[in-house]
Every structure is written in structure tokens, then in C-alpha cells.
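Student: Quick one: this structure, given as C-alpha cells, is what I'll be asking you about.
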Amino acid sequence: MTESGMKSPYEALLTVGLRVGKRCTFVLSSLASFSLLTLAAADEVNNTSASDPEEDAATAADVESIVSLFNFKNWKERGSAIRLGSREQCFKNLSVVLGNVGPIYAAENSASSGALTLLPTAGALIGTPSKELWMLYKMVPLAGVLSMMLSLGGNIVPDSSVDYERDGFTYGGIIGSDDTAPGEGVDTPVGQMDASTFAKEVLRRARRETGSRKRSVAAIGIFCQLFWIGTIVFACWFTESGAILVWWCQGWGWMLAWYLIVVLSSLLENFALVPFSKQWTIRVSTAPSSISISEDAPRLFPSRDPERLDITYQNVRTSIPEQNTALLGVVQHGADIKAVGRADTSQTKSTLVEESRHYDPAPSARTYAGFLRNLENHGFNTIGQVSIDRSWAASRHSFLVIISQAKVTHSHAALRVCSKAISVGVFAAGTATFASASLITMSVALTTLCLVLGAGVFGRVASMWMVSEMMKERPVIHRIVKNEEDADEFMYEVLNTDGLMFELLGHVFINGRCVKRYNRLLNWSNIFGILVSPFDLKKLMFGSQ
């Protein structure tokens, strides 16, 4: 330094160089430390990846499940491989597979299971109850049962008698049609007709001479229903091929079992919710006008012919053996006397006592209250033959007359409660089942939903189309009554109509006489309804037996 305390230029330059060197050393040391830390972290990551290959496999599975197409064969084979071995081994296999699933696949599996939980609610989505489908069941029981199978747990018939009393059909708004059938204009609605007017309407319908194409319509409709049921079965098989229930690992066919339980529950609920405690169905067709029936054939009611009213009650009473069993109880109004028409059950060929039809001057229907119950519990034990002229004509098809009693008994109400409880249980079990299904992809879930829901909707359309086409020929005349006495009155007026053949409770009646009794349970009409031809009278003609 100089004397004045000032540094020389060389000293100042040296000081600046030392300071810059210190700073550069600090920066370089910091960069070196950062580089070393970075290399250490990268090495740690590399070591971790190399030591955990399962995460690589899970990530690869996630990526493959998203970017590649669904492989049904591999998916099905994986499900079959998991089910191999014992129950314990199956759970172990499932645990291993689920442990190797990545987060993306797990999220997709959860979303798919949640989407399938919509299936137990499909019945409410397909459509509301409709009396048209009840009509379909009465006309063709097979088609009605298939409609219930396609309802996916929903109720297809109304549970209130008021819904059945309304005139006209809407077909759920999915089938366009007219309110009345062609040529069938009726001044008085059927629900407001008295017994005699109702019987005249039945005769008017029986004399309709137009042809029928209900067999071809029913054949097409039933084929469509079976096709859509097959579609649901295929969807069930498709879903359960690779999907595994976590609580029923080895269970194969779990979705088919769910559909079967839903069908049984739906059948029970639809039968229970019909608001009629009793129903009587008559198959009606025209009979040959030239038919001759033996006088020994049992008569359902005493004759209305006033020329035969020539004996007294005492004569009738003394002519009836005491050991015979009563079939029809007859009460004469205005007097405290009773006469009973009886059938001899001790003989192979029994007839109703002919004298019982002579004393009563054109009895009213109230005189014969309870004859339907007696006919159902006892019936006629009869066999015989009829004769028909060489030239004759009769109906090729029949139609139905249905009398329903609008009443719900205590046992019927209990059945409704039980069926509703079962339906709720099936719904809860179905929801839990689909929620616990694993290894389901979104493509599988969407395919299943489209197939099942589409089958339910188009199955309802096929059923409604059948009803709309068949009702154009008015194959059903339905009357709702309040009690069984009113049903007796309407039945009495209908069955006393001449020129018609009636099939009721396993009996064939012509002109008020029973000409045949058959097994009403083992009968094709219980399956195919009005598609079955009327009873063939040629079987009762001379020379045919």
C-alpha cells in the first residue's frame, strides 16, 4: 500500500479475483451436489422398478384393457381357470387375479357392476300394468305366461277391478288401433248390460260369420316372444362366462338362476294381483241346427217349456229317490217348498231326473243360485252319443265369455302380501348379486343391458301387437259382477241360449243339455286357449266310438 492508504491496482485486481473464485466454487459445488442427488434418485427409481415387476404387469393390464379390443375368448378362459379346483382354491385364484389388477381396471370393474344393478329395476322401466295383457293371458295362456317372463319382475296386470271395466283399449300407447272392432258397434257397454241383454250380445257375437286369422297372429307373436326370451338367456350366459361372484366363486350360471327366480316371482305376483277372487270362462261356438240329443242327456236347468209344466211338486218329490246326490238346489220363490234335481251316481251312465224340469214355470236365475259351485264340485257323470244330419255346419273357432267376481278374499289378500314380499326380496338379492360381481368390463355391462332391456321392450311390443290384432275379431266378452249370485244369473241366461255349444268346467252343453264331460286340467285349451278348435261333435256321433 501507499502511504495514503490506497491499494495499488494489482492488489485490487487480486482481491476481485479471489472473491469471484469463491463464488464460482460455491456454484460449482452446488451443481455437483444437485447432480449427485439426481443420480441417486434415478438409481433408486430404477432399482424399485426392477424389484417390483407386479406393478409393471398391473400397469400393462390397465393399458391393454383400455387401448385394445375386448377379447371374449381370453376373458372366458380366465373365468374358467379361476373356477378350477376346490372352493378354497377358487377363492385363492380370484384373490391373485384381483391383486394383479391395476387401478384403472378396478375402477372400470366397479362402474360396470354398478351399471348392472339397474337390471333388477328393469320391470318398472319396460311399461305399466295393462288389462290388454290380462286379455292376452285369457285368450292364449301360453302367450300370457311368456309376456310375464318378459316383464323382468314387473307387474303387467292391473290390481284394481276399475281398470278392467273401462271400455276400449289403449295398448300402452305403443300400438295404434281403433277403440272398437269393425262391425261390432254396441249401444250399451258390456259392463252396463243386464243378464238377458248380455246373453243376447253373446248370441249376436256367435252369429258373426267372418273368418279368423288369430292362429297366424298368435304364431308370429309367440315366435317373437320366444326369440326375445332367448336373447335374455344369451345375455345371461354371456355375462356369467367370465364374471365371478366374490361370495360364490365357483357358481356358474348365477345370472341364469337370477332370471329364473325373477320369472317365478313375476308369475306369482301377476296371478296374485288380479282383483278377482273367482272367474268363470265359457268357450262358446255355434252348434249344428240339425243335431239330435237324447232325452236321457242331463239338463243343466229345468225346461222353460210351459207345455211340460203338468205335474205338481208332490209328484216330483215322490219320483226322486232319497239315496241320490243333489246336483242343483232349486228354491221356489214365494213358498216354503224345495225341489232338487238329482243325478244317480251309482250308475255308470247317470242322468238328471227329467221330472225336475216340469214343475217350475220359467224359473228366474235367482232360483238357481249356487249352481256354478255345484257344477264345479260335483258336475255331471255322463257319456252318450248324438246324431247329426248329413248336411250340417258349425263354428270353426270359438270365443270366450268371462264372468269375473270383483272381490278379494282373505286368502287372496294374504297371497298378495306374500307375493309382494317375495318380489322385494328378489329385488334386494338381485341388486346385491350384481353389485358383488367382479371382472366385468364396461363393454360386457353395456352389451348385457342393451340385450336384456331391449328384449323386455320389444317383447312388450310383440305382446301388445298380438292383443291388438286378435281383439279386432272380439274373441272375448268380459263381464264383472259383484257376487256369485249375479254370476249365476248371467251364466243362467247365457247357457239357456239355444243353437250354441258351451264348454264350461269340463262339460260340453248344447241346448241346455250336457253331452260330454272331459278332464278340464288335461286339455290343450289350458295352454293355447282360443287357438284350439271347439269340441269335435263328430266324436259323439253314432259309429265314431
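Student: With unit charges on the beta carbons (Lys and Arg positive, Asp and Glu negative) and the dipole taken about the Cα centre of region 412-545, which residue among 434, 480, 422 sits farthest to the positive side?
Tutor: Of the candidates, 434 comes out farthest on the positive side.
Student: If each of residue 485 and residue 294 carries a label point 7 Å out from its Cα toward its Cβ, how far apart are those two points in nm?
Tutor: 3.8 nm
Student: Something else about it: For the pairs 131/420; 76/420; 200/482; 138/200; 407/516, flag any whose C-alpha to C-alpha distance is greater than 26 Å.
Tutor: 76/420; 407/516
Student: Starting from the Kirkwood radius over alpha-carbon pairs of region 187-275, derive D by Stokes-Einstein at 10 °C in a medium of 1.306 mPa s and give it in µm² s⁻¹.
Tutor: Rounded, D is 88 µm²/s.
Student: Right, something else. Counting only Cα atoms, I'd like the Rg/Rh figure for region 218-266, Kirkwood definition for Rh.
Tutor: A ratio of 1.11.
Student: Would you please give the residues with an amide H less than 5 Å from that of residue 516, counting only those at least 5 places away or on a separate chain, with H modeled from the backbone geometry?
Tutor: Those qualifying (amide H under 5 Å, at least 5 residues apart or on another chain) are 508.
Student: With +1 on each Lys and Arg Cβ and -1 on each Asp and Glu Cβ, how big is the dipole of region 401-545 about its Cα centre, in debye rounded to the nearest 20?
Tutor: Once rounded to the nearest 20, the dipole reads 340 debye.
Student: In Å and whole numbers, how far do the C-alpha atoms of region 430-518 stretch along each principal axis, longest first?
Tutor: Sorted largest first, the three principal extents are 68, 30, 29 Å.
Student: Could you check the simple spin-label distance between residue 421 and residue 261, using points 7 Å along Cα→Cβ, in nm with one decimal?
Tutor: Calculated label separation equals 1.7 nm.
Student: Run the simple label-point estimate for residue 207 and residue 81 please: 7 Å along Cα→C-beta, distance reported in nm.
Tutor: That separation, rounded to one decimal, is 7.9 nm.
Every number in this text was worked out from the coordinates using simple rules, so none of it is lab data. All values derive from a computational prediction rather than experimental measurement. No Cβ is skipped: glycine too gets one built from the backbone with ideal geometry, and neighbour counts run over all protein chains shown.
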